[in-house]
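The values are calculated or read from the model by the stated rules, or taken from the named source; none is laboratory data. Small disclaimer: the values here were computed from a predicted structure and weren't measured. Note: ideal-geometry Cβ built from the backbone for every residue, glycine included; neighbour counts use all protein chains shown. For the accessible areas, the whole protein counts, side chains as well, though only heavy atoms, and no ligand, DNA or RNA atoms are used. Shrake-Rupley method; radii C 1.70, N 1.55, O 1.52, S 1.80 Å.
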Amino acid sequence: MKLATCRLNDKERVAIVHHGDTSLFDIAAASSRAGNANPAFNSMIALIDGGEAALDQARALFERYGRDADLSTAVSGAEILAPLPEPRQMRDGMSFPLHIRQSPRGQLKLKARAEGNKAELARLEAEPLPELPEIYRKQPIYYITNRFSVKGTNTTVKWPRYSKVMDYELEFGVVTKGKGANISAAKARDHIFGYTIFNDFSARDAQRVEMEGRLGPAKGKSFD
């Protein structure tokens, strides 16, 4: 089942995406029609908190009312928001080995270009990539990013005035559910609600400078 958060009639709604990704089924409206308005359908976070019972009810409502034209809206005519417009927490991790190995050199190359140091740039280009740091094989490595800066589909990401080098990365978003801490790999799937596409934007010139402080990205990552 594919879910979306959208704005319908000036209200934020959770919808089931159907009919070849062209239509949005309003779950809350269907719940009201059934005479049992469920607050679990008021937002994506509420639906996640509602657990399997809420998801089962959503599926049942779609089975019953999915053909009712007035409960569905064309995707082309709706404002699609981020699946979680304001998540409770956002952690951005690194798990792609080649990217992990290339990143430090990428920052050094950016510095060499900014300084016009062609010799250093050539040296970096010729240098073999380092080995994957062993810590990445032992535990997840991530930073906590700005949960208030999430933007939805077809919105404008504002270019920070302090940056001239913008970059973005296509990432795999994992939406979690339930409470827990220090969850083992064996139980990880029990805490996964679903998956989405996430584009992480970076001001690389700002990030390069602040990472010399050895604490983590700040202005380089904290905008839209």
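At-a-glance table
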{"item": "Residue that is least open to solvent (accessible area, probe 1.4 Å), among those in region 148-171 that are out of contact with any Phe, Trp or Tyr (no Cβ under 7 Å at 6 or more places or on another chain) and outside any loop (DSSP other than H, G, I, E, B)", "result": "GLU169"}
{"item": "Per-region count, region 8-19, residues part of a loop (DSSP other than H, G, I, E, B) and either aromatic (Phe, Trp, Tyr) or modelled with pLDDT of 95 or more (or both)", "result": "1"}
{"item": "Qualifying residue in region 175-187 (condition: under 22 Å from ALA54 (Cβ atoms), of a type in the set (A, V, I, L, M, F, W, C) and open to solvent by less than 40 Å² (accessible area, probe 1.4 Å))", "result": "yes"}
{"item": "Flag if ARG67 is open to solvent by 40 Å² or more (accessible area, probe 1.4 Å), more than 25 Å from the chain's Cα centre (by Cα), over 21 Å from GLY173 (Cβ atoms) and not polar (S, T, N, Q)", "result": "yes"}
{"item": "Filter result for LEU55 (over 23 Å from the mean Cα position of the chain (by Cα) and surrounded by 14 or more Cβ atoms within 10 Å (Cβ to Cβ))", "result": "no"}
{"item": "Region 188-224: number of residues that are among the acidic types (Asp, Glu) and either buried (at least 16 other Cβ atoms within 10 Å of the Cβ) or not in a helix (DSSP H, G or I) (or both)", "result": "4"}
{"item": "Residue ranges of helices (runs of 4 or more DSSP H) in region 25-118 with at least 2 members free of Cβ contacts under 8 Å to residues at least 12 places away in the same chain", "result": "44-65, 97-115"}
